[in-house]
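So the structure is just underneath, and the comments pick up after that.
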Amino acid sequence: MEKILVLLLVTLAVTYAVPDPRGIVVNLDEGELCMNSAQCKSKCCHRTSGLSLARCAPKASENSECSAKTLYGVYYKCPCERGLKCEADKSIVGSIVNTNFGFCRDPSRTAE
């Protein structure tokens, strides 16, 4: 138990001693490995398949494929940039199996 506590304290000390404002666990740049979208500057932790490593990626732009918010915090398609809306399947099943894909649209534009 003491070894675990010492290891935890050393890890915290190293984390806070790092002068880089980017951080080790949060505020990650695009392309860096992540486990959850909260760690990324862009707020999108993206993976290409179920077996791939997740990396921080930019949010989806207008008319790009997107995912609605996921329960897991890791996306196959990133959510939309601020001001855009993802027109996608928003069912519970789609959210659980991560198949709730759609396209980013600007809600302020009228449908033509």
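What follows draws every value from the coordinates through simple rules; no lab data is involved. All figures in this text were calculated on a predicted structure; none of them were measured in a lab. FYI the Cβ positions are ideal-geometry reconstructions off the backbone, even for glycines, and counts take in every protein chain you see.
Observations on the structure shown:
- For Y76, the shell of other residues with beta-carbons less than 12 Å away shows a net charge of +1, using +1 for Lys and Arg and -1 for Asp and Glu.
- Label zone at E30, where the point sits 7 Å out along the Cα-to-Cβ direction: region 57-85 residues whose backbone N lies under 19 Å: 57-67, 74-85
- The peptide list 80-91, 57-68, put in order of mean Cβ contacts within 10 Å with the highest first, becomes 57-68, 80-91.
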